[in-house]
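Chemist: Let me begin by handing over the structure; questions about it come next.
The values are calculated or read from the model by the stated rules, or taken from the named source; none is laboratory data. Values in this document were obtained by computation on a predicted structure and should not be read as measured data. So basically every Cβ, Gly included, is an ideal-geometry build from the backbone, and we count neighbours across all protein chains shown. To get the accessible areas, we keep the full protein, side chains included, count just its heavy atoms, and leave off ligands, DNA and RNA. Shrake-Rupley method; radii C 1.70, N 1.55, O 1.52, S 1.80 Å.
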There are 2 protein chains.
Amino acid sequence: MIPANLKNAFLQIVGSENYDDSTTGRLVYSYDATPQFQSMPDAVIAPRNKSEVVDIVKICNEYKIPIVPRGSGTNLCAGTCPTEGGIVLLFKHMNQILQVDEENLTVTVQPGVITLDMIQTVEAKGLFYPPDPSSMKISTIGGNINENSGGLRGLKYGVTRDYVIALEAVLPNGDIIRTGGKLAKDVAGYDLTRLLVGSEGTLGIITEATLKLIPMPETKKTILALYQDIEAAARSVSKIIANKIIPTTLEFLDQPTLQVVEDFAKIGLPTNVQAVLLIEQDGPEEVVDRDIKKIAEVCTNEKAISVQVAQSEEHAIALMTARRSALSALARLKPTTILEDATVPRSEIANMVNAINQIAEKYEVKICTFGHAGDGNLHPTCLTDSRNHDEIERVEKALEEIFQKAIELGGTITGEHGVGVMKAPYLEWKLGETGIAAMKAIKDSFDPNNIMNPGKVFAKDSKKRVVVAK
Amino acid sequence: MIPANLKNAFLQIVGSENYDDSTTGRLVYSYDATPQFQSMPDAVIAPRNKSEVVDIVKICNEYKIPIVPRGSGTNLCAGTCPTEGGIVLLFKHMNQILQVDEENLTVTVQPGVITLDMIQTVEAKGLFYPPDPSSMKISTIGGNINENSGGLRGLKYGVTRDYVIALEAVLPNGDIIRTGGKLAKDVAGYDLTRLLVGSEGTLGIITEATLKLIPMPETKKTILALYQDIEAAARSVSKIIANKIIPTTLEFLDQPTLQVVEDFAKIGLPTNVQAVLLIEQDGPEEVVDRDIKKIAEVCTNEKAISVQVAQSEEHAIALMTARRSALSALARLKPTTILEDATVPRSEIANMVNAINQIAEKYEVKICTFGHAGDGNLHPTCLTDSRNHDEIERVEKALEEIFQKAIELGGTITGEHGVGVMKAPYLEWKLGETGIAAMKAIKDSFDPNNIMNPGKVFAKDSKKRVVVAK
C-alpha cells in the first residue's frame, strides 16, 4: 500500500483524476495478455507529461516503490504484470504523434501512441514503418520499444530496434537523457538507444521516441503454398532464401492451426494439408513479379501440392488477416492459451517443428505451431486449462524442453516476446552465468534500488538445464 | 614499464615471439591514423586465441594495466593510441574467416580479418556485406566493430552495427560472454551485442563475430552531377530522398576537394565547379534504371549544370575509387590533415556546409569538405601543419565551432569515426551531463579498474560550450 503522505505527493503531481488506488482500478491492471500471471499494483498513475514522470520517479526511487510502465499490456511474457506491487504507470495522456518529418524520413511520437494509428498516419504520406507486431491494432509504440517487438515483416525489414533512432527517457534517478537523433550515423558514445530498446522497462521510462521511416513499397503480392509434408515446407523456406530472395513475410501454419484459423476466419483455407506457407513480397512491380514467380517455382520443386498467387488485394488481405488472427482463433478453443516464441536459425526450422511435435506427443499436450518461418521465429502454442494442474505441469515440462531444444539448435528462448517474468528462469540457458552477470551489472548501475519493473528479466533462481535424452 | 614478473607471465602465455617491449616495437604502436596523438605503450602482445586473451586480461585486471585492443589502427579519433601506456593487443593471429553460412546468410570471423578480404570472400558466393569504411582495404573487422564503422553505402544499408548479430567477447574480469546468434530475432535480455559495437574497446575484447549478409544486388549504376551552387547540390540530396528514392551512396565533394582528388586520381573530374554529387544506386536492373533516370531529373531540375551517367563499369569504379581516395589525396597537400565527421540531419546539409565555409574564413584556415551527404555525414578536412602552433590553435577553434554548429542543427560530434581521445572533451555537448553519467555507469559496472582502453570516450574534463555569436 502507498503510505498516505506519498499518495498525497502523487495526487499533487498528477491530480486525483490520474491516480487510482481503488480495488477495481487496481484489478484492471493486475494482469496483462499473459495467462497465469496476476498480481495487484498499489496504485495506477497516469502522468500527463515527462516532468510529471520525473516527479513520480523521484518519489519512487526515494521510497523504493516499484514502477511498472505499461502501454496496452499486450505482451506475452508477463512483462507488465506488477508482480512486486508498486505503481502501474499509464501513458494514455502521452499519446501524441509529435511530428512526421518528410525530409528526414522520421516520425517523433510519445510512448502512448497506438502502433497502428502511427502506421496509418505515416502511410498517408507514402512512408512506411515496417515493424508489425500482431497486436499492433491495440499495442502502443512505447510498449513495442520496451519489448523490441517483431512482427511478420521482420524477415525483410527487421524489428522495432532497427527503426528507433532517438529516445528521450527518464532514468531511475530522475535524470532525463536524450539519445541519438534524426541521424543516419551517430557514434557519440555507447548505443544507449538500443540498450533501452528491449530492456522491458527495467532501465528507465521512455517519454519520447523518433523512429526511422522508409519509402512505402510500390506494390505487394501474396502466395499460398500447401504441403502434405512439414519438412518440404521447411525446405522451401531455406531454398527461397538460398535463391537470394528475401520475402517480406514467410509465414508457416501447421494443420491444427490451419483448422482453427479457418473455423474462425472462414476464408476458404484448406484444412486437410499438413502445413501452409503464406509468403508476401513487396517492392517495385517488376521485382515483385519476378520474385513471386521464382518463389512459386521453388515451392513447386519442393513438392508443394498447390501453389496459388492471391488474385486480388482483397484476397491477399484476407489471407494475411487470417494469419494475424491465429492467436485469437486458437484462444477460443481452450480456457488457457500459452503462446511461445522459441527461435532458431532458419536452417533449423524443420528440426525444430519436428522436435515440437515429438515433445507434444511425449507430454500428451496439444501444441499448434505457426510463426515467422523465414526468421526461424516459431510460435508453438499450447491449448490447455490452467485449472487442470496435472496438465499444466506437463505443459510446463513440454515448454521447457522446447526452450532447451531451441538453445541446442543455436537458437534463443524468445525471438520477439521478451523475457519478462515468464522466461526469466530460462534466460541463463541462453546467456550463461557470465552473460546474466554482465546484464545484471548494467541493471544495477542504472537502477541500484531496483525500482524499475522489478522481477522482470532477472530471475531469483535459474532453472537448471538437464540434457534431453535423445 | 611492465614489471619483470608480469612480463614473464605474459611470455608464458603467448611465447617470446608474440611479446614485444623493444623501443622500436613499441614506437610502431605508439600512434594510429589520427594526427597529433602519440604515446608509448609498455608492451605489444599478440595472443593466438581467446584463451590467451582471457589469461592476459586477468593479469591486466589484477595489476591494473591498461589494454588497448588494436586492429590496423586506421581510426581517426586516436581510439587506439595508448595514451595511458599499458599493452597494445594485436589480433594478427586471430584473423580467420571461420564460416560462411549460405543457408542462414551469415559469416563468422575472428577480429583480425581484413574487412575487404571478408567482403571479397562472401561476394564470391553472391553474398553482400554492405558496410564499406574508406579504410576497408586495411582495416580489420574487429576495429570496424569497435568503432561501429560507417562508409559510403550507409545511406541505404546502414552501418556495421546493423550487421553484427552475434559476438564473443572477453570482459575485463576475464569472463567470456556470447551474445546473439544466427538469429533474425532475439530479445533474450539486454542488447549486449549492440552495446559492444561502437564501444571503442572500453568494455571488453571482441574475440569472434557473426555478421549478417544479404543477397548481392544484381547491378549498379553511377551518376555524376555538377553544380555551381552548393545549396543546389544540397537541395538535390533532399529532393532525391523526398522522391522516395534511397540511393546506395550519395556523396558530396566541394571544389577544393575535387581539385585535389583530380590531381591525385587523374580521371577527368571537373575542377571548375563548386560541388559535385556522386550518386550510386544498386538493385534489380529495372529499378536501378528507373531510379537513375529519376535522380538525373531531380538534379537537372535543381540546377545541376551537368548530369552524367557513368557509361561503363570501369568509369563508375574509377569515380568511386577517386572519391574513396579523397583523404589520401588531401593528405598529400600539407603536413597535417585533420579529418572530421560532424553529422547533421540530412535536411541541414546546406546549412552545415555554409557554416563550415564561414567558420574556415573566420579562423583563416583551409577546410575542404566532402562526405556522405545522404547521411548528413560530412567530412570537413583541415589541411594544416602541426608545427605551426598559431595555426593549429585556430584550427582547433574552428573545429570546435563546427561541432557546436552540428549540435545546434540537431546533429552529432561524430557520425562514424568515434569519440576516442580526440572528441571526448566534446561528448557532453551531444549527450549532456546525464547522458555521460549513464554511459559512465555502464563503463564502471563492466570495468571497475578502468583497464579497457582508458582515457577513451570519457574525458577528464569536458569543454564548456559557448553560444556562437550569429
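Chemist: Could you count how many residues in segment B:23-74 are open to solvent by 70 Å² or more (accessible area, probe 1.4 Å) and assigned to a loop (DSSP other than H, G, I, E, B)?
Modeler: Matching residues across segment B:23-74 total 5.
Chemist: Would you tally the residues in segment A:35-53 being free of Cβ contacts under 8 Å to residues at least 60 places away in the same chain, within 30 Å of A:LEU330 (Cα to Cα) and touching a strand residue (DSSP E or B) at 6+ places or on another chain (Cβ under 7 Å)?
Modeler: So the answer is 1.
Chemist: Right, here's the next one. The conditions are (1) at the interface with chain B (Cβ under 9 Å from one of its Cβ atoms); (2) in a strand (DSSP E or B); (3) open to solvent by 10 Å² or more (accessible area, probe 1.4 Å), and A:ILE177 fails exactly one of them. Which is it?
Modeler: So A:ILE177 meets the others, but not (3).
Chemist: Any residue in segment A:286-310 that's at positive phi: show its pairings with residues that are open to solvent by 40 Å² or more (accessible area, probe 1.4 Å) at Cβ separation under 7 Å, as long as the two are six or more apart or on different chains.
Modeler: Filtered contacts from segment A:286-310: A:LYS303/A:ASP229.
Chemist: Restricted to segment A:221-246, and to residues that are more than 10 Å from chain B (Cβ to nearest Cβ) and surrounded by fewer than 19 Cβ atoms within 10 Å (Cβ to Cβ), which residue is nearest to A:GLU52 (Cα to Cα)?
Modeler: A:GLU231
Chemist: Same structure again: Would you mind finding the one in B:GLY376, B:GLY432 that is closer than 30 Å to A:THR106 by Cα and open to solvent by 10 Å² or more (accessible area, probe 1.4 Å)?
Modeler: B:GLY432
Chemist: Of all residues in segment A:125-137, count the ones that are within 14 Å of chain B (Cβ to nearest Cβ) and either in contact with a helix residue (DSSP H, G or I) (Cβ under 8 Å, 6 or more places away or on another chain) or open to solvent by 20 Å² or more (accessible area, probe 1.4 Å) (or both).
Modeler: 8
Chemist: Okay, next question. Filter segment B:321-361 down to the residues that are in contact with a helix residue (DSSP H, G or I) (Cβ under 7 Å, 6 or more places away or on another chain), among the polar types (S, T, N, Q) and within 12 Å of B:LEU383 (Cβ to Cβ) and list them by number.
Modeler: The answer is B:THR337, and nothing else.
Chemist: While we're looking at this one, here's another question. Does A:HIS379 meet the test of being within 14 Å of another protein chain (Cβ to nearest Cβ), touching a Leu at 6+ places or on another chain (Cβ under 7 Å) and within 30 Å of A:LEU192 (Cβ to Cβ)?
Modeler: Numbers: within 14 Å of another protein chain (Cβ to nearest Cβ): yes; touching a Leu at 6+ places or on another chain (Cβ under 7 Å): yes; within 30 Å of A:LEU192 (Cβ to Cβ): no.
Considered against the rule, which asks whether it is within 14 Å of another protein chain (Cβ to nearest Cβ), touching a Leu at 6+ places or on another chain (Cβ under 7 Å) and within 30 Å of A:LEU192 (Cβ to Cβ), A:HIS379 comes out as no.
Chemist: Scan segment B:252-259 and tell me whether some residue there is within 12 Å of another protein chain (Cβ to nearest Cβ), surrounded by 19 or more Cβ atoms within 10 Å (Cβ to Cβ) and β-branched (Val, Ile, Thr).
Modeler: No, segment B:252-259 has no match at all.
Chemist: Could you count how many residues in segment A:271-300 are within 17 Å of A:ILE317 (Cα to Cα) and more than 14 Å from chain B (Cβ to nearest Cβ)?
Modeler: 5
Chemist: I've got another one for you. Restricted to segment B:448-461, and to residues that are more than 10 Å from chain A (Cβ to nearest Cβ) and open to solvent by less than 30 Å² (accessible area, probe 1.4 Å), which residue is farthest from B:GLY151 (Cα to Cα)?
Modeler: B:ILE451
Chemist: Could you grab the pairs with beta carbons closer than 7 Å, sequence gap of 6+ or different chains, first residue in segment A:255-283 and within 14 Å of A:ILE223 (Cβ to Cβ), second one of a type outside the set (Asp, Glu) and part of a loop (DSSP other than H, G, I, E, B)?
Modeler: Every condition considered, the pairs that remain are A:ILE279/A:PRO247; A:GLU280/A:PRO247; A:GLU280/A:THR248; A:GLN281/A:PRO247; A:GLN281/A:THR248; A:ASP282/A:PRO217; A:ASP282/A:THR248.
Chemist: With respect to B:ALA169, is the statement that it is without any contact (Cβ under 8 Å) to a residue 60 or more places away in the chain and open to solvent by less than 10 Å² (accessible area, probe 1.4 Å) true?
Modeler: yes
Chemist: Which of the following residues is over 16 Å from B:THR414 (Cβ atoms) and not in a strand (DSSP E or B): B:VAL107, B:VAL122?
Modeler: One residue alone meets the criteria, B:VAL122.
Chemist: Continuing with this model, one more query. I'd like to know if segment B:209-220 contains one or more residues that are part of a loop (DSSP other than H, G, I, E, B), more than 9 Å from chain A (Cβ to nearest Cβ) and either open to solvent by less than 10 Å² (accessible area, probe 1.4 Å) or of a type in the set (A, V, I, L, M) (or both).
Modeler: Yes.
Conditions tested, residue by residue: (1) of a type outside the set (Val, Ile, Thr); (2) over 27 Å from B:THR336 (Cα atoms).
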| residue | (1), (2) |
| --- | --- |
| B:PRO47 | yes, yes |
| B:VAL107 | no, yes |
| B:GLN110 | yes, yes |
| B:ILE114 | no, no |
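Chemist: When the residues of segment A:78-114 are narrowed to those that are among the polar types (S, T, N, Q), over 30 Å from A:LEU11 (Cα atoms) and crowded, with 21+ Cβ neighbours inside 10 Å, which ends up farthest from the other protein chains (Cβ to nearest Cβ)?
Modeler: Top of the filtered list is A:THR106.
Chemist: Could I ask something else about it? Name, by its number, the condition in (1) under 22 Å from A:ARG70 (Cα atoms); (2) more than 7 Å from chain B (Cβ to nearest Cβ); (3) open to solvent by 10 Å² or more (accessible area, probe 1.4 Å) that does not hold for A:ASP444.
Modeler: A:ASP444 satisfies all of (1) under 22 Å from A:ARG70 (Cα atoms); (2) more than 7 Å from chain B (Cβ to nearest Cβ); (3) open to solvent by 10 Å² or more (accessible area, probe 1.4 Å) except (2).
Chemist: If you take the residues in segment A:194-206 that are crowded, with 24+ Cβ neighbours inside 10 Å and not in a loop (DSSP other than H, G, I, E, B), which one is nearest to the other protein chains (Cβ to nearest Cβ)?
Modeler: This residue is A:ARG194.
Chemist: So, of the residues in segment A:409-432 that are of a type in the set (A, V, I, L, M) and at the interface with another protein chain (Cβ under 8 Å from one of its Cβ atoms), which turns out to be farthest from A:ASN148 (Cα to Cα)?
Modeler: Filtering first and then ranking leaves A:LEU431.
Chemist: Another question, then. Might you let me know whether segment A:348-371 holds any residue that is among the β-branched types (Val, Ile, Thr) and within 14 Å of chain B (Cβ to nearest Cβ)?
Modeler: Looking for residues that are among the β-branched types (Val, Ile, Thr) and within 14 Å of chain B (Cβ to nearest Cβ), one finds at least one in segment A:348-371, hence yes.
Chemist: Considering segment A:402-460 alone, what residues qualify as being without any contact (Cβ under 8 Å) to a residue 60 or more places away in the chain, over 25 Å from A:GLY73 (Cα atoms), touching a Ser or Thr at 6+ places or on another chain (Cβ under 9 Å) and not basic (Lys, Arg)?
Modeler: Selection gives A:GLU428, A:TRP429, A:LEU431, A:GLU433, A:GLY435, A:ILE436, A:ALA438, A:ALA441, A:ASP444, A:SER445.
Chemist: Could you figure out which of (1) open to solvent by 20 Å² or more (accessible area, probe 1.4 Å); (2) more than 15 Å from A:MET94 (Cβ to Cβ); (3) away from every other protein chain (no Cβ under 11 Å); (4) out of contact with any Ser or Thr (no Cβ under 6 Å at 6 or more places or on another chain) isn't true of A:ASP117?
Modeler: Unmet condition: (2).
Chemist: So, in segment B:401-436, how many residues would count as being closer than 26 Å to B:ASP162 by Cα, assigned to a helix (DSSP H, G or I) and hydrophobic (A, V, I, L, M, F, W, C)?
Modeler: 8
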